[in-house]
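Below is one structure, written out as structure tokens; comments come after it.
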Amino acid sequence: MIQIYNTLTRKKEEFRPITGGEVKFYVCGPTVYDYFHIGNGRSFINADFIRRYLEYRGYKVTFIMNVTDVDDKIIKKANAEGVESAVIAAKYTQAFFEDLAKLGVKPATVHPKATEHMKEIIDIIKRLEEKGVAYNVKGDVFYDISRFNGYGKLSGKNIDELEAGSRVEVNEIKKHPLDFSLWKSAKPGEPFWESPWGNGRPGWHIECSAMSSKHLGETFDIHAGGSDLIFPHHENEIAQSEACFGKTFANYWIHFGFLNIDNTKMSKSLGNFFTVREILEKYPAAAIRLFFAQTHFSVQLNFTQEALEAAAKGSEKMQNLKDSLASYIQTAPENGSVFPVDEYRAKFNEAMDDNFNTPNAVALLFDFIRDVNRHLDKEEKLSKVSAAEVLKFFDETAGGVLGLFAARETGNSGREDDVIRLLLEIRSDLKKEKNYRLSDVIRDRLKEIGIEIRDSKEGTTFRKL
């Protein structure tokens, strides 16, 4: 039984999807005006862990991660570079998909773009206006928060005590300082679309309401995103969608904690960030994923080079076990000892069922590695069938749920690893032909470039120094 901490109810709840065996899951994606930083990457990777675990448990997951490709930040960047905003959006959308793949994040079922959903956006705004929840002021359409009784239920904020904050537009023509934009009238030099209120473009919040309802329905199972989106973005999504459709918007809300630099939230506005591209030049994607998995997604996490280096060593240890098992199975005896895989699977599931507790799951997997290695060292060899079950479990958990092996293959080091394995195959053939001189040359030359070869009775593995 999966338990999820629901931000909306502020407690853990048993997960019960709307449709048995299926999960409809929406995650807020990027605003594409720059390369995304490793703090954004934490949200994307943690959402990937959850999606992968649900699939591992047998659910069919419809996973939607949007792309905000029209926004003030995009327009500002375009003006600074002297190009159309569509050029900026296209450039960084492509970069987003490239970096997501390098991190081993599975592509969404659909990655909807805001600019492709203008009809749905306009239709929702029209319905809100007809219900008296939205009002038009000379081509600018605002949401009247006083007309929605549930405003503040996600964030726990009292609207009487709220003031216009840094992420809330301050505009004298609004009825209330916290009323937010649904449609913005066109300004000279900005992209625009035709609408009943004149040429303009959508506000940020309405885009997600339109895209989620289009691809998941008027009510869906899980909505996730960074903790910084709880207010006002997610609060406003609820207000828009529930006022429009008269139904619960999302049943479970999951929020990811901040990634800090020197105990200060990493953000582009503060300038204290590293892009994913910069980090991937120094560390494999598997190390980044393991680094995030070792802390629960809801907890703030401090980014340090030492922690990433430790995670790199840990991910290497996991890869080494996978390689060792794959080699061992080739020569394993038909009869032999049996490893208690079912016990570890039950404990892994127990950890992840508890609000997707990846730190406990990772700790269990390191215990598993230790115990498997001890078993392989025993005089009574592990049977071929049992070794295959061990590898299957490890592939499904460390590989399938945490995505460590997929990240290794799709990250910067993927092709390099394939070449190394090819050289090891050639070296193995040379040793069979008793050409030890040339096999030693391959070993020594690889070591010179930082690749250590390890020969054992179970086979040959490598590690990067």
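The values are calculated or read from the model by the stated rules, or taken from the named source; none is laboratory data. Just so it is clear, the model here is predicted, and its values are computed rather than measured. A quick note on method: Cβ atoms are made from the backbone with ideal geometry, for glycine too, and the neighbour counts reach across all protein chains shown. Side chains are part of the model used for accessible areas, which takes the heavy atoms of the whole protein and leaves out ligands, DNA and RNA. Shrake-Rupley method; radii C 1.70, N 1.55, O 1.52, S 1.80 Å.
Working only within the range 80-95, note down all residues that are over 23 Å from the mean Cα position of the chain (by Cα) and either part of a loop (DSSP other than H, G, I, E, B) or surrounded by fewer than 18 Cβ atoms within 10 Å (Cβ to Cβ) (or both). The answer is A80, E81, G82, V83, E84, A86, V87. Applying the set (1) open to solvent by less than 20 Å² (accessible area, probe 1.4 Å); (2) outside any loop (DSSP other than H, G, I, E, B) to L229 leaves exactly one unmet item: (1). Within the range 33-48, restricting attention to residues that are surrounded by 24 or more Cβ atoms within 10 Å (Cβ to Cβ) and touching a strand residue (DSSP E or B) at 6+ places or on another chain (Cβ under 6 Å), the residue that is farthest from G257 (Cα to Cα) is A47.
With respect to D34, is the statement that it is of a type in the set (D, E) and free of Cβ contacts under 8 Å to residues at least 12 places away in the same chain true? Before the answer, list the steps.
Details: of a type in the set (D, E): yes; free of Cβ contacts under 8 Å to residues at least 12 places away in the same chain: no.
So D34 does not fit the description; no.
Filtering the range 243-259 to residues that are in a loop (DSSP other than H, G, I, E, B) and more than 18 Å from G152 (Cα to Cα) leaves G257, F258. The residues in the range 105-151 that are more than 29 Å from the chain's Cα centre (by Cα), buried (at least 17 other Cβ atoms within 10 Å of the Cβ) and part of a loop (DSSP other than H, G, I, E, B) can be counted, and the count is 3.
E316: over 28 Å from N360 (Cα atoms), in contact (Cβ under 8 Å) with a residue 40 or more places away in the chain and open to solvent by 10 Å² or more (accessible area, probe 1.4 Å), yes or no?
Values: over 28 Å from N360 (Cα atoms): no; in contact (Cβ under 8 Å) with a residue 40 or more places away in the chain: yes; open to solvent by 10 Å² or more (accessible area, probe 1.4 Å): yes.
Here the answer is no, as E316 does not meet what is asked.
Report yes if some residue within the range 98-115 is among the hydrophobic types (A, V, I, L, M, F, W, C) and closer than 25 Å to A243 by Cα; otherwise report no. Looking for residues that are among the hydrophobic types (A, V, I, L, M, F, W, C) and closer than 25 Å to A243 by Cα, one finds at least one in the range 98-115, hence yes.
Determine, yes or no, whether I222 is surrounded by 24 or more Cβ atoms within 10 Å (Cβ to Cβ), part of a strand (DSSP E or B), among the β-branched types (V, I, T) and at pLDDT 95 or above. Show your work before the answer.
Values: surrounded by 24 or more Cβ atoms within 10 Å (Cβ to Cβ): yes; part of a strand (DSSP E or B): yes; among the β-branched types (V, I, T): yes; at pLDDT 95 or above: yes.
Yes: the conditions hold for I222.
Checked against the criterion of being crowded, with 18+ Cβ neighbours inside 10 Å and in a helix (DSSP H, G or I), the candidates F339, F348, F356, F366 yield just one match: F348.
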